[in-house]
Number of protein chains: 2
Amino acid sequence: MTIHRARWAVGLISGTSMDGIDAALVRIEGLGDCPKVWLHAFRTLPYPPAIRNRLLGVASGSATSTQEISMLNFALGQLFADAMLAVCRQGRVSPGKLDVIGSHGQTVFHQGPSTGSVSKRRSHLSQASTLQLGEAAVIAERAGVPVVADFRAADMAAGGQGAPLVPLVDYLLLRHEELGSVALNIGGIANVTVIPAGAGSQSVFGFDTGPGNMLMDGLVRHFTHARKTYDEGGKWAAQGKPLKPVLDRILRLPFFRRPPPKSAGREQFGSEFLARYFLSQRKAEPADLIRTAAELSARSIADALRRFVFPQAKIHRLIVSGGGARNGFLMGRIRDLLPELDLHLSDNYGFPADAKEAIAFALLADRTLQGLPGNLPAVTGARRAVILGKISRP
Amino acid sequence: MTIHRARWAVGLISGTSMDGIDAALVRIEGLGDCPKVWLHAFRTLPYPPAIRNRLLGVASGSATSTQEISMLNFALGQLFADAMLAVCRQGRVSPGKLDVIGSHGQTVFHQGPSTGSVSKRRSHLSQASTLQLGEAAVIAERAGVPVVADFRAADMAAGGQGAPLVPLVDYLLLRHEELGSVALNIGGIANVTVIPAGAGSQSVFGFDTGPGNMLMDGLVRHFTHARKTYDEGGKWAAQGKPLKPVLDRILRLPFFRRPPPKSAGREQFGSEFLARYFLSQRKAEPADLIRTAAELSARSIADALRRFVFPQAKIHRLIVSGGGARNGFLMGRIRDLLPELDLHLSDNYGFPADAKEAIAFALLADRTLQGLPGNLPAVTGARRAVILGKISRP
């Protein structure tokens, strides 16, 4: 393989919020642990509403069939291919010029290994597992170039949580000799990568802190009957006041106290959680509930840093990406709760906050073709560093 | 890659009958279209009954969840890895010595593209798709060698039926300069590969003829309350007489008259079909129903050869593999209906009838690592020959 030269790659992902497919077209130079990456074009393709509704349904546990899962997998393959072609068109790079496509797919189930004694049981169906949809063979056929997909399974097969995977990319792109950094991604779920000053990859760690936008988005969708899908700029939350009893009850849950590594998803903080802790407050004002969800995200992020990060490493800066970085109210609350840190948007580092995860999977796919591992065992809890993903050749 | 030397490979498959996992350990020599293959060891690992019952359930359309599909995928990965380790132990070859593992996995849904006008509709959820379970990353982790899996998706992404895939292997191993051959595999579904005398790969064709053992097995399971899973040697069928009205009604179905390429599965001939055409005959004797199912398999095979094969090529021999080759009664009926052909078991060609499909996926995986295509477009209907499967590296 001629991978020494600069190369084009596309990264594709739809996150837990299931709004649509993020596609990043990037230029990569350099090998091994010294890549340089430039974002060349970025597009988000919203899901057709019918597809999105079924995805939200099956991901929150509603009854389905192997026929539906199989059809959704192939239909999503076509939609991910559409997004890939759209970002190539936007960047005026022919798909055939790509060296690799990294497609995360759409997670519809994810359960990491339990950290307690349960994991010792030798039962076939109590194991950790993960399931992403978006058939890679369909993308490879339409692009005519290799596709790497299914990034989480190998880490999980090696005993890891299968998540988060972006930390290695944070490390490669954000490490600094003198400044300790935390990369915070606020998607449906919020996660952090901790990169101590002058760190080697083995001292990087990271974990999911809990809900990011998932609960806020769910409430907005509920109260607008799905006419809106998120609280733009946090304006709605800004009009409410936090409901302290709800907040206290949630923050006492074991998830928040459990030390890393840990990962979360729609299984923990999806519609069931929303119904139980928020929608059950029938007399509460919508604004107060949305404000409470925003406060929960900010508080659980700040608490996680104080509990699990600051005792381990001197941190100077907090670099925020993901859709939540566009929520001014949420960003303000995080700044209030962590006044000792310099708060930046990942935009300042050349990566628009929305594009970071898609960029990450382009870079992880490039590593897989190089035969390099893509997980950080200290982050995921895996027994060893492993090559991520499965390669489909056109 | 050093693939010029002789190499060890394992092939793994569980067929539509879902009895358990066939594992073949083979030695391969030669490159490209001239491989030589020796079967070194063969094992079948029955599924744990609880897993088998759930697989039969979800494959015949019963309600499930993404959680169950995800967990079954990882649980089957472990069981396929168990089968791989068992056959390595039996053959006294350390798993680390393998060059590749080809794992077909367990099909739980398969629907080829419709050949009529429906395929022109541009609806996201009316597309052809296929779904195999048995997470390859789990197998790769436990073996420490590359695994190729998910063989059917690439052919389907190129417009093919995704099946049958064994014909290329039949061609590579059974072609003869002067004798025309039909390779007949009788698994849950029966399929044929037609290899005219002196044929190049482009004149090979093949298709599914309809039910193989699926209906007989389903009836035996029904009448014994699952104490038996198949009619050993066809003894039960031999005691009955065929129900002509049932047989005639089924043989008039469009599937049997449709010209190849065509593929079938549990979707067409599973529990729903069994209930509709067989179990609805409440006054019929079990032996008569089983005899009718056997007759249907034999007749649909013989009819398919007379309709779609003999007009195309002079055929001298019929080489039978799959579990159905062990059903003496069924073999006798096929011999009666096709007296002009020499009937052989694939055992005579060095491959025990039960092991052929597992051997085939070992060889197809070896081709994928060589970057060679594994489908025959004339057989599957694909637009082009494509590299099959996804590669997971340990």
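Give the residue, chosen from B:THR380, B:THR368, that is within 14 Å of another protein chain (Cβ to nearest Cβ), within 15 Å of the chain's Cα centre (by Cα) and closer than 18 Å to B:PRO164 by Cα. Full working, then the answer.
Details: B:THR368 fails: within 15 Å of the chain's Cα centre (by Cα).
Within the list B:THR380, B:THR368, the selection yields B:THR380.
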Screening A:ALA275, A:ALA293, A:ALA313 for residues that are assigned by TED's automatic domain parsing to the domain that holds A:GLY233, under 21 Å from A:SER60 (Cβ atoms) and surrounded by fewer than 19 Cβ atoms within 10 Å (Cβ to Cβ) leaves only A:ALA275
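Specify which of the listed residues (B:LEU76, B:LEU25, B:LEU56, B:LEU31) is closer than 19 Å to B:VAL147 by Cβ and either free of Cβ contacts under 8 Å to residues at least 40 places away in the same chain or outside any strand (DSSP E or B) (or both).
Details: B:LEU25 fails: either free of Cβ contacts under 8 Å to residues at least 40 places away in the same chain or outside any strand (DSSP E or B) (or both); B:LEU56 fails: closer than 19 Å to B:VAL147 by Cβ; B:LEU31 fails: closer than 19 Å to B:VAL147 by Cβ.
Result of the check over B:LEU76, B:LEU25, B:LEU56, B:LEU31: B:LEU76.
Kindly indicate whether A:ASP82 is in contact (Cβ under 8 Å) with a residue 24 or more places away in the chain, more than 14 Å from chain B (Cβ to nearest Cβ), acidic (Asp, Glu) and at negative phi. It would help to see each step written out before you state the result.
Working: in contact (Cβ under 8 Å) with a residue 24 or more places away in the chain: yes; more than 14 Å from chain B (Cβ to nearest Cβ): no; acidic (Asp, Glu): yes; at negative phi: yes.
No; evaluated as a whole, the condition is false for this residue.
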What residue, of B:GLY233, B:GLY188, B:GLY210, is on the phi > 0 side of the Ramachandran plot, of a type outside the set (S, T, N, Q) and touching a strand residue (DSSP E or B) at 6+ places or on another chain (Cβ under 9 Å)? B:GLY210
Residues that are of a type in the set (Val, Ile, Thr): list the helices (runs of 4 or more DSSP H) wholly contained in the range A:328-394 that include at least 2 such residues. A:356-370, A:377-380
Residue by residue through the range B:223-267, note down the ones that are surrounded by fewer than 13 Cβ atoms within 10 Å (Cβ to Cβ) and under 19 Å from B:PHE329 (Cα atoms). B:GLU232, B:LYS241, B:LYS244
When residues of the range B:25-79 are filtered for being within 14 Å of chain A (Cβ to nearest Cβ) and under 19 Å from B:ALA143 (Cβ atoms), how many remain? 8
Just to be sure I understand, how many residues within the range B:285-320 are more than 10 Å from B:VAL182 (Cα to Cα) and either touching a Leu at 6+ places or on another chain (Cβ under 6 Å) or part of a helix (DSSP H, G or I) (or both)? 22
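Test A:ARG52 against the stated conditions and say whether it is surrounded by 21 or more Cβ atoms within 10 Å (Cβ to Cβ), out of contact with any Phe, Trp or Tyr (no Cβ under 7 Å at 6 or more places or on another chain) and of a type in the set (Lys, Arg).
no
When the range B:1-22 is examined, which residues are found to be in a loop (DSSP other than H, G, I, E, B) and more than 22 Å from B:VAL220 (Cα to Cα)? So that I can check it myself, show each step before the final result.
The initial filter retains those residues of the range B:1-22 that are in a loop (DSSP other than H, G, I, E, B), namely B:1-6, B:15-19.
Once the filter is applied, which keeps residues that are in a loop (DSSP other than H, G, I, E, B) and more than 22 Å from B:VAL220 (Cα to Cα), the range B:1-22 yields B:MET1, B:THR2, B:ILE3, B:HIS4, B:ARG5, B:ALA6.
The values are calculated or read from the model by the stated rules, or taken from the named source; none is laboratory data. Keep in mind that what you see is a predicted model, and the values were worked out from it rather than measured. For neighbour counting, all protein chains shown are included, and Cβ atoms are generated from backbone atoms with ideal geometry for every residue, glycine included.
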